[in-house]
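K.L.:
Pasting in a structure now, in structure tokens, and then I'll have a few things to ask.
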Amino acid sequence: MKILFFGDIVGKTGRRALAAVLPRLKKELAPDFVIANGENAAHGVGITVKIAQELFDMGIDLLTSGNHIFDKTEQIDEVFSKFSGKIIRPANFEGSYAGSGFASTQVGGHTVTVANFNAQVFMENQFRGLIASPFAALDKFLQNLPESGIIIVDFHSEATSEKRAFGLYADGRVAAVIGTHTHVQTADAQILPAGTAYISDVGMCGAADSVLGVQKEKALARFLSGGKVSLEVDEGNDAEVGYAVIEIDETNGRAKLIKTYLEKFNLTPPTPL
């Protein structure tokens, strides 16, 4: 089975970039299932019903998320209600929240389960609630899962040390651990010793000439002012799309291959002759 996984979609540029490459990639790669992280899809923070529908209409099968998923509070209940089983939030947020931390679906006669966990290191202040141990949450999730099948995990994390530790903790128990959140694709895609595909961060879909999808001028001003400048999502035409292709042995639910790509291009349509 072939899984296509896109990094965090950041704002309008990220959505436009994804729409530009997805038809070609579906034709060239023929993936069985397409996943993307959508927590930054609505102008950098959260997601709306309209934008979720736009992404599913493009051909995304399932959206994962992270610490910003509840930022659009006025629509989030409707998002999870309307797209139940197609969008998930981190399973280890402590408290009562809309949605589920995982979703299962049948793909070519096989059960594919996608789970979402949020890290703790450097992340507590980025989420308004409490974040439970992702390691304990993974154990609980696996213990309560009715059938194993093929399991893909989006680990939304800031620190590469926590990402690496989580990957090794999950090794042999899930097909893949794909890191998200930092928006910069790392160079450590690999199959771990017990058969789990791993990468610390798959990157983003967003503005290439930016700071993690944010206008570089605003980001620099914020650093230079000690945090007194508001950030703005970059909605320019220079785009990048970071993604991974994971091939999984359907007989044992272990990964056979993980390969990453980072495409950069301009979204400006060509001038008619």
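The values are calculated or read from the model by the stated rules, or taken from the named source; none is laboratory data. Everything quoted here is computed from the prediction, not taken from an experiment. Neighbour counts are summed over all protein chains in view; Cβ atoms, including those assigned to glycine, are modelled from backbone coordinates with ideal geometry. For accessibility, only protein heavy atoms count, side chains too; no ligands or nucleic acids. Shrake-Rupley method; radii C 1.70, N 1.55, O 1.52, S 1.80 Å.
K.L.:
Need pairs with beta-carbon distance below 9 Å; first residue touching a residue at least 12 places away in the same chain (Cβ under 8 Å) and open to solvent by 10 Å² or more (accessible area, probe 1.4 Å) and within segment 43-70, second among the hydroxyl-bearing types (S, T, Y) and in a loop (DSSP other than H, G, I, E, B); sequence gap 6+ or separate chains.
P.N.:
From residues that are touching a residue at least 12 places away in the same chain (Cβ under 8 Å) and open to solvent by 10 Å² or more (accessible area, probe 1.4 Å), the pairs are F70/Y97.
K.L.:
A follow-up question, please. Looking at segment 78-110 only, could you name the residues that are open to solvent by 20 Å² or more (accessible area, probe 1.4 Å) and polar (S, T, N, Q)?
P.N.:
Listed by number, the residues that qualify are S81, S84, S96, S100, S104, T105, Q106.
K.L.:
If you check every pair at least six apart or on different chains, which have Cβ atoms under 7 Å apart with a residue in segment 247-268 that is among the acidic types (D, E) first and a residue that is open to solvent by 80 Å² or more (accessible area, probe 1.4 Å) second?
P.N.:
E247/K256; D249/K256
K.L.:
What residue, of E54, E39, E74, is within 28 Å of D139 (Cα to Cα), of a type in the set (D, E, K, R) and either assigned to a loop (DSSP other than H, G, I, E, B) or modelled with pLDDT of 95 or more (or both)? Write out each step before concluding.
P.N.:
On the way: E54 fails: within 28 Å of D139 (Cα to Cα); E74 fails: within 28 Å of D139 (Cα to Cα).
After ruling out the rest, the residue left standing is E39.
K.L.:
Output yes when any residue across segment 118-133 is within 21 Å of I248 (Cα to Cα) and buried (at least 18 other Cβ atoms within 10 Å of the Cβ), and no when none is. Break it down stepwise before answering.
P.N.:
Applying the first criterion (within 21 Å of I248 (Cα to Cα)) to segment 118-133 yields none.
Scanning segment 118-133, I find no residue that is within 21 Å of I248 (Cα to Cα) and buried (at least 18 other Cβ atoms within 10 Å of the Cβ), so the answer is no.
K.L.:
Separate question: I'd like to verify a number: residues in segment 57-71 that are in a helix (DSSP H, G or I) and in contact with a Lys or Arg (Cβ under 6 Å, 6 or more places away or on another chain), how many?
P.N.:
Counting residues in segment 57-71 that are in a helix (DSSP H, G or I) and in contact with a Lys or Arg (Cβ under 6 Å, 6 or more places away or on another chain) gives 0.
K.L.:
Another one. Go through (1) modelled with pLDDT of 95 or more; (2) open to solvent by less than 20 Å² (accessible area, probe 1.4 Å) and name the single condition S161 misses.
P.N.:
Going through (1) modelled with pLDDT of 95 or more; (2) open to solvent by less than 20 Å² (accessible area, probe 1.4 Å) one by one, S161 breaks only (2).
K.L.:
Can I ask one more? Would you confirm whether or not segment 135-151 contains a residue that is of a type in the set (G, A, S), modelled with pLDDT of 95 or more and either loosely packed, with under 15 Cβ neighbours inside 10 Å or not in a helix (DSSP H, G or I) (or both)? Can you show your working first?
P.N.:
So the first thing to find is which residues in segment 135-151 are of a type in the set (G, A, S), and the list is 136-137, 148-149.
Add one more test, that the residue is modelled with pLDDT of 95 or more, and what stays is 136-137.
From what is left, the residues that are either loosely packed, with under 15 Cβ neighbours inside 10 Å or not in a helix (DSSP H, G or I) (or both) are 136.
The answer is yes, given that some residue of segment 135-151 is of a type in the set (G, A, S), modelled with pLDDT of 95 or more and either loosely packed, with under 15 Cβ neighbours inside 10 Å or not in a helix (DSSP H, G or I) (or both).
K.L.:
If K228 meets every condition in (1) in a loop (DSSP other than H, G, I, E, B); (2) modelled with pLDDT of 95 or more; (3) open to solvent by 30 Å² or more (accessible area, probe 1.4 Å) apart from one, which number is that one?
P.N.:
Condition not satisfied by K228: (2).
K.L.:
May I pose another question? Somewhere in segment 28-39, is a residue more than 21 Å from I199 (Cα to Cα) and open to solvent by less than 50 Å² (accessible area, probe 1.4 Å)? Show your work before the answer.
P.N.:
At the first step, the residues of segment 28-39 found to be more than 21 Å from I199 (Cα to Cα) are 28, 30.
If we keep only those that are open to solvent by less than 50 Å² (accessible area, probe 1.4 Å) too, we end up with none.
Scanning segment 28-39 turns up no residue that is more than 21 Å from I199 (Cα to Cα) and open to solvent by less than 50 Å² (accessible area, probe 1.4 Å).
K.L.:
Looking at G195, G167, G172 in this structure, which one is within 16 Å of the chain's Cα centre (by Cα) and farther than 22 Å from I60 by Cα?
P.N.:
Values: G195 fails: within 16 Å of the chain's Cα centre (by Cα); G172 fails: within 16 Å of the chain's Cα centre (by Cα).
Only one candidate qualifies: G167.
K.L.:
A follow-up question, please. Report, by residue number, each residue of segment 132-154 that is under 20 Å from the mean Cα position of the chain (by Cα) and either within 20 Å of F80 (Cα to Cα) or touching a residue at least 60 places away in the same chain (Cβ under 8 Å) (or both).
P.N.:
F141, I150, I151, I152, V153, D154
K.L.:
Still on this structure, I have one more. How many residues are assigned to a loop (DSSP other than H, G, I, E, B), in contact (Cβ under 8 Å) with a residue 60 or more places away in the chain and either of a type in the set (S, T, N, Q) or touching a Ser or Thr at 6+ places or on another chain (Cβ under 6 Å) (or both) when one looks only at segment 89-129?
P.N.:
Taking segment 89-129 as the starting set, the residues that turn out to be assigned to a loop (DSSP other than H, G, I, E, B) are 89-92, 95-101, 108-109, 119-123, 127-129.
With the extra rule that they be in contact (Cβ under 8 Å) with a residue 60 or more places away in the chain, the set shrinks to 90, 108, 119, 127.
After this cut, where a residue has to be either of a type in the set (S, T, N, Q) or touching a Ser or Thr at 6+ places or on another chain (Cβ under 6 Å) (or both) as well, the list is 119.
Number of matching residues: 1.
K.L.:
Now for a separate question. Looking at I248, I191, which is the one that is open to solvent by 50 Å² or more (accessible area, probe 1.4 Å), of a type in the set (V, I, T), more than 23 Å from I9 (Cβ to Cβ) and modelled with pLDDT of 95 or more? Give the derivation first.
P.N.:
Working: I248 fails: open to solvent by 50 Å² or more (accessible area, probe 1.4 Å).
None of the others qualify; the one that does is I191.
K.L.:
Considering only residues of segment 222-265 that are of a type in the set (S, T, N, Q) and farther than 27 Å from D188 by Cα, which is nearest to the chain's Cα centre (by Cα)?
P.N.:
Restricting attention to segment 222-265, the residues satisfying the condition of being of a type in the set (S, T, N, Q) are 225, 230, 237, 251-252, 260.
Restricting the remaining residues to those that are farther than 27 Å from D188 by Cα gives 225, 230, 237.
Values: S225: 31, S230: 24, N237: 22 Å.
In this case the residue turns out to be N237.
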